[in-house]
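A.B. asks: Attaching a single structure in structure tokens format; questions to follow.
The values are calculated or read from the model by the stated rules, or taken from the named source; none is laboratory data. It should be emphasised that the depicted structure is a prediction, and the values quoted were computed from it without experimental measurement. Positions of Cβ are generated from backbone atoms using ideal geometry, with glycine treated the same way; all protein chains shown enter the neighbour counts. With ligands, DNA and RNA removed, areas are computed over all heavy atoms of the protein, side chains included. Shrake-Rupley method; radii C 1.70, N 1.55, O 1.52, S 1.80 Å.
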Amino acid sequence: MALEKIKELLIRRHQDSATQRLPTEDAERLAAMFASIESGDSRGRPSKYWDELNKMNLAQLQEHGYENFKRTIALNYFTFARILPWDAQFRFLLRQLPARVTLGCLKQALLARKHEYFSAFNRIQSLLYNFLTLASWAYTRSAVSDPDLLALREPEEGNPAVIRDRAGALISQDLASSILEISAMCDSLSAGSVVLELGAGYGRDAYAMLATRPGIKYVIVDIPPALWVAETYLRHQFPGRRIFRYREYANFADVEEEFRLCDIAFFLSTQITSLPDGLADLAVNISSLHEMRPDQIAFYFSQFDRLLKDGGRFYFKQWKRGTVLFENMVIRQEDYPIPPTWSCELSREVPIQTRFFEARYRKPARARA
């Protein structure tokens with residue numbers, strides 16, 4: 001309990017910004033998103049934890065700008081920056097990797113730069129961060145066989161911490177996580193398939209999937225400022241794709257034709273109930289359901305069930321046991337309200353991040369008449 005209170009205090013201590021580096025147009029768009037979500041469907045509004053965390057995320061964007069988001073708000077999603085030598089991730093990697101590979105990663109980590117940008121990020125922390133990234137990448141290369149996924153490299157947009165593999169290519173923890181997650185989501189996605197992700201962060205999995213799965217449509221449902229960051233990031237990464245940018249609408253029918261023709265679409269979480277039934281072949285949530293109240297989790301599972309096509313799949317990855325900050329409650333793996341008609345195709349401890357589980361379910365296909 002004391003640790004959770006310290007985390008809450010640290011979040012609240014970093015919710016103010018001394019400067020405003022965002023251009024006026026971007027600041028106004030963000031303000032409009034926040035206003036819209038406050039007045040939208042209450043079932044889709046953020047939990048108290050995300051209300052508080054988003055104040056910190058917005059302050060970091062204002063202080064350091066969009067151009068540095070991979071060194072600020074991205075670290076609040078699924079990147080492990082301040083870690084201890086006995087962390088479970090290190091233990092997993094030391095067990096899984098050959099000694100020569102481990103020593104090679106350690107040598108590279110020692111020679112890599114210290115990351116001055118991270119506040120209070122000393123040389124030991126930089127070494128651990130570098131080693132975890134390099135070792136995670138080495139494990140991913142041994143565990144995944146898809147050549148398209150393994151050919152991915154970390155985009156320089158967002159100013160990521162500079163860590164390179166032996167070939168000199170820019171890599172990251174996020175990229176390794178995305179490759180492993182996509183490998184577990186499904187065997188393949190044919191052209192025309194629709195992926196819906198709730199809580200995409202800055203769009204790391206969306207980037208990896210759009211870059212390696214030609215012809216799919218990707219729909220992101222999220223809250224600000226993450227929705228704005230992902231929209232900006234993916235527009236820049238895929239300038240040739242047709243983008244349905246977030247906007248307010250009275251009825252989905254008003255935007256349905258434009259949505260049908262797009263490749264990437266962005267919606268606020270309060271708009272999820274307006275999306276059409278049977279939209280998605282694959283629905284995804286990574287590391288955010290465990291930060292919601294049980295009633296919110298139940299609401300989103302009802303939406304996943306509605307939005308999935310018959311025979312569609314749902315993949316999620318969460319803490320085995322997660323404390324919901326600012327709510328004084330705990331969410332466990334067995335607490336998720338999986339629809340009874342769904343069949344489980346995968347359920348296991350997550351590689352590397354062993355305090356997490358991942359699971360994949362399939363909605364039943366409707367019997368033909």
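A.B. asks: Defining a contact as two alpha carbons under 8 Å apart and six or more residues distant in sequence, what relative contact order in percent does segment 258-358 show? Please list the in-between numbers first.
C.D. replies: Working: 125 pairs, mean separation 26.4, N = 101.
This gives 26 percent for segment 258-358.
A.B. asks: List every residue whose amide H lies under 5 Å from the amide H of G65, counting only residues 5 or more places away in sequence or on a different chain, with H placed 1.01 Å from N in the peptide plane.
C.D. replies: Placed amide hydrogens put R21 under 5 Å from G65.
A.B. asks: If you split all Cα-Cα distances of segment 131-277 into 5 Å bins from zero, what percentages do you get per bin, shortest first?
C.D. replies: All Cα pairs, binned at 5 Å, distribute as 2, 9, 19, 20, 20, 14, 9, 5, 2, 1, 0 percent.
A.B. asks: Follow-up question, since we're still on this one. Highest first, please rank the peptides 156-164, 172-180, 300-308 by the mean number of other Cβ atoms sitting within 10 Å of their residues.
C.D. replies: Descending packing order for the listed peptides: 172-180, 300-308, 156-164.
A.B. asks: What's the extension gain from E28 to A298 if we count 0.36 nm per residue and subtract their Cα-Cα distance?
C.D. replies: So the extension gain works out to 93.9 nm.
A.B. asks: Can you list residues from other chains, or at least 5 along the same chain, whose modelled amide H is less than 5 Å from the amide H of K217?
C.D. replies: Those lying under 5 Å, H to H, from K217 are G192, S193, V194, V195.
A.B. asks: Let me ask something else about it. Among F326, L127, G311, whose Cα sits farthest toward the positive end of the charge dipole of the chain (+1 at Cβ of Lys/Arg, -1 at Cβ of Asp/Glu, about the Cα centre)?
C.D. replies: L127
A.B. asks: Only four residue types carry charge here, +1 at the Cβ of Lys and Arg and -1 at the Cβ of Asp and Glu. Report the dipole size of the chain about the Cα centre in Debye, rounded to the nearest 20.
C.D. replies: 1360 debye
A.B. asks: Taking 0.36 nm per intervening residue step and subtracting the Cα-Cα distance, what contour gain separates T354 from R21 on full extension?
C.D. replies: On the way: separation 333, 0.36 × 333 = 119.88 nm, distance 3.78 nm.
Full-extension gain reported as 116.1 nm.
A.B. asks: Can I ask one more? Any chance you could count the Lys pairs in the chain whose alpha carbons are under 18 Å apart, treating pairs 8 or more apart or on different chains as valid?
C.D. replies: Close lysine pairs found across the chain: 9.
A.B. asks: What is the local net charge at F316, summed over the other residues whose Cβ is closer than 11 Å to its Cβ (Lys, Arg +1; Asp, Glu -1)?
C.D. replies: For residues surrounding F316, the net value is 0.
A.B. asks: Which far-off residues, 5 or more places away or on another chain, put their amide H under 5 Å from the one on E345, with H placed in the peptide plane?
C.D. replies: Under 5 Å from the amide H of E345: R360, Y361, R362.
A.B. asks: So what is the diffusion coefficient of segment 62-210 in µm² per second by Stokes-Einstein at 20 °C and 1.002 mPa s, using a Kirkwood Rh over Cα pairs?
C.D. replies: After rounding, the answer is 132 µm²/s.
A.B. asks: Leaving out ligands, DNA and RNA, what percent of the accessible area of segment 154-254 is carbon and sulfur, probe 1.4 Å?
C.D. replies: 46 percent
A.B. asks: Normalised by the empirical 2.2 N^0.38 Å for globular proteins, what value does the Cα Rg of the chain take?
C.D. replies: Against the empirical 2.2 N^0.38 Å value, I get 0.97 for the chain.
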